[in-house]
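Shown next, in structure tokens, is the structure this report addresses.
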Amino acid sequence: MRATMIKVLAKRAVVITAFAALAFQAAAGQSSKPSAAGAADDAAKLNTSEVAKTLKVAAEALGLARWSGVGGQRLPEVDVINTMEIWGSGTTYGLSQASKPGEPGPAFKTEYHATLGYNPPAMRVELTRTSSGAPSQGGAAPQQTIEVVRDKYAWDESEIGGGLVPGKGTATPAMAAVDNRLLQLWILPYGVIKAALAAGDKTKVSTEKGTTVITFPLSEQLANVMVKATLDAQNEVAKVETRSENPALSDLNTETEYTDYADHGEIATDVKSPGHIVRKRSGHPVLDIRVKMLDANNPYLVFPVPENIKKVAAH
Amino acid sequence: MTPHFRFNRIIVTAALLCLLPAAIFAQNNGGPRMDHENTLPPTPTGPTPMAPDGHPDLTGLWNGLADNLLGVPNQMHNVGIEVGPDATRDIHSGVQIATWPLQNRTRQNNEQNERAATLLRRMGSNRPIYKPQYWQRVKDFDANSNEEDPSNNCMPAGVPRMGVPSYIAQTPKYLVFVYPGQGGLIATATSYRMIPTDGRKHTNLEDLDGTWNGESIGHWEGDTMVVDSIGFNSTSWFDQLGGYFHSENMHVIERLHRDGNTLTWTATVEDPDVLLEPWTTTPRIALLNPDSKAVLSESLPCSERDFAHVVTKEHH
């Protein structure tokens, strides 16, 4: 009889403890909700709390906020994304003076290959473009460009890593392109979340036509650029618009749409990436790419700055 | 036996095999647990014992935070990611990394845990800079490390991949470093090194047969022990992760500095055949085992017990 009683009490204790734990977790989850409205401080807290929640769910939707139970079960969740590599194909458009806003320039069938890193901020975009209107029966020869940016340096390579080793390609300065190339890095979905987190109190969250919108300024070289990111129903970054306050930098006014999110890695990472990227710059279409594969496993990707580029930048 | 029952047994067996590496991680040969709450460097306490020759005495069991190669926290520390309770920093670049508190974590299954661990171990910015003609090779080695890793099949990790020794014995004329082997999927053989500190010079490189650990000679620079190694084979990789291959001309300089109950280790790799510039690891700081009576327990037998079950390129 006594043994049965002890068993019953033990079971009750387990149940009560479980409920208490759940209640504690629920309370902890709600602890960031404001208790009063009206005062400016409370409004600021409300927005801060809303921003934090929104960025967390957006980070999780991308697979950016992660922790591991394999030997790391007592560590907090962190932003795991540093380097990644993207392969895609589609169409890129040249900018034509004659084009009216909204009209595309000349179209090129394009193989797209980008390697990038956020720490340090760097990106290498390799485009192999073939004119869709081939002038001869044999068709136009594909044109390859390799555009690189790292921090405050931008250059073009004649081959991957050109200009780093004597006799192995060249690196040509392209310092005027730094802002534009860096912008491509920060308007990718991962860059948007990272930059919004880094912007701190300057990041705001609102609702427009039932969708969540995040707005924030970029920093450093791109400090005069405002970003407006729209989330879809799965909290994935669906649209990114950028506007520069400087009229001379209208090239930085862009609009990019991201759809068809999935884990596009050969090695599964649980990092989601858009399967379709469509971008306009100053109202003109510039890119329409289908992602074929994306390696998000922090692969070995490096962006050393060639000595001749450093020298040019120093002057 | 019904087909349904047999299928269930296969599922259960597969699940147990998936859990085996985690179970081995948890065991850690009976040593201190490795699932730390942070990857912050331990704060030195106590005096630094001195040897009769006036130099610091490095003797001790340096596994107070468990074997330095094991567990996600140690591996993140090794690549320079300093995780605190609510802030994370990349030591090499100084960049702050977004961090979310422990209590707000989302649940993950075993596969998600493994995939996250792969990303966490590789997120550091301190990477060796190879010549461009080798970039793709390094990337391919890392992507295919389940097949390409030279330490698979119970081979040695080699210098400097083996990292901080778990045990050091210091005598007036030599040092002995011991590195316990590991079982499971990350299976490496137990290794030791006997490092002369008697002032001798290196053998001519041409006269050395390349080996996993090379020829190591130690000397003091102030209170820091500098271990200089040459004469390697070109088989090993020089860091735990990343596919970082090297040539037979690799030259490694390790530095060990004791401060109370902590030991700071770095390794500089010079290999002008494949690297654009020398590369130095982010400092790894080991903690003296707090149990003064602790001994280095026997390593699990090295066997590739899980290797036959690897069917994808997912890393571990």
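Cross-linked pairs A:Lys209/A:Lys280; A:Lys292/B:Lys131; A:Lys202/B:Lys139; A:Lys239/B:Lys131; A:Lys56/A:Lys310; A:Lys209/A:Lys292: Cα-Cα separations exceed 30 Å for A:Lys202/B:Lys139; A:Lys239/B:Lys131; A:Lys56/A:Lys310; A:Lys209/A:Lys292. With a ≥ b ≥ c taken as the square roots of the eigenvalues of the C-alpha gyration tensor of region A:116-251, please select rounded if a/c is under 1.5 and otherwise prolate if a/b is larger than b/c or oblate if it is not? Because a/c hits 1.5 or more and a/b exceeds b/c, region A:116-251 counts as prolate.
Shown in residue order for region B:131-146 are the 3J(HN,Hα) couplings computed by the Karplus curve 6.51 cos²θ - 1.76 cosθ + 1.60 at θ = phi - 60°: 5, x, 5, 10, 4, 5, 5, 4, 4, 5, 4, 5, 5, 10, 5, 4 Hz (x for Gly and Pro). Give me the net charge of B:Lys201's neighbourhood, meaning all other residues with Cβ under 13 Å from the Cβ of B:Lys201; Lys, Arg count +1, Asp, Glu -1. Net charge in that neighbourhood comes out at -3. Need one value for B:35-41: mean number of C-beta atoms belonging to other chains within 10 Å of its residues' C-beta atoms. What the average comes to for B:35-41 is 3. Each Lys and Arg adds +1 at its Cβ and each Asp and Glu adds -1 at its Cβ; summed about the Cα centre, region B:176-238 shows a dipole of about 220 debye. Other protein chain C-beta atoms within 10 Å of residue C-beta, averaged over B:87-100: 5. Each part reduced to its alpha carbon centroid, region A:161-181 and region B:148-165 end up 36 Å apart. Summing charges over all other residues whose Cβ lies under 12 Å from the Cβ of B:Gly158, with Lys and Arg as +1 and Asp and Glu as -1, gives 0. With R₀ set to 35 Å, the beta-carbon distance separating B:Asp198 from B:Met155 gives a calculated FRET efficiency near 0.70. Of A:Met123, A:Met293, A:Met226, the sequence from fewest to most neighbouring Cβ atoms within 10 angstrom is A:Met293, A:Met226, A:Met123.
Packing, as the average of other Cβ atoms within 10 Å across residues, places the peptides A:271-284, A:166-179, B:44-57, B:137-150 in the order A:271-284, B:137-150, A:166-179, B:44-57, highest first. Rounded to whole numbers, the Karplus 3J(HN,Hα) couplings from phi for region B:285-300 are 10, 9, 10, 4, 4, x, 8, 5, 9, 5, 10, 6, 6, 5, 5, 4 Hz, using 6.51 cos²θ - 1.76 cosθ + 1.60 with θ = phi - 60°, and x at Gly and Pro.
Taking amide hydrogens as placed 1.01 Å from N in the peptide plane, the amide H of B:Phe232 sits under 5 Å from those of B:Thr211, B:Met250, each at least 5 positions away in sequence or on another chain. The loop-placed trypsin sites (Lys or Arg not before Pro) in region B:178-250, going by DSSP, that have at most 13 neighbouring Cβ atoms within 10 Å of their Cβ come out as B:Arg200, B:Lys201. Each Lys or Arg adds one and each Asp or Glu subtracts one; over the other residues with Cβ under 9 Å from the Cβ of B:Gly71, this totals -1. In order along region B:63-71, phi translates into HN-Hα couplings of 10, x, 10, 6, 3, 5, 8, 9, x Hz, rounded to whole numbers, per the Karplus curve 6.51 cos²θ - 1.76 cosθ + 1.60 with θ = phi - 60° and x for Gly and Pro. What's log10 of I(q)/I(0) for region B:223-267 at q = 0.14, 0.29, 0.32 Å⁻¹, Debye sum over Cα points only, no solvent? Debye intensities relative to I(0), on a log10 scale: -0.43, -1.02, -1.10.
For the residues of B:121-134, the average number of beta carbons from a partner chain within 10 Å of their own beta carbon is 5.
Bear in mind these aren't lab numbers, they're just calculated from the coordinates by the rules spelled out. All values reported here derive from a predicted model rather than from experimental measurement. As a convention, Cβ positions derive from the backbone with ideal geometry for all residues, glycine included, and neighbour counts pool all protein chains shown.
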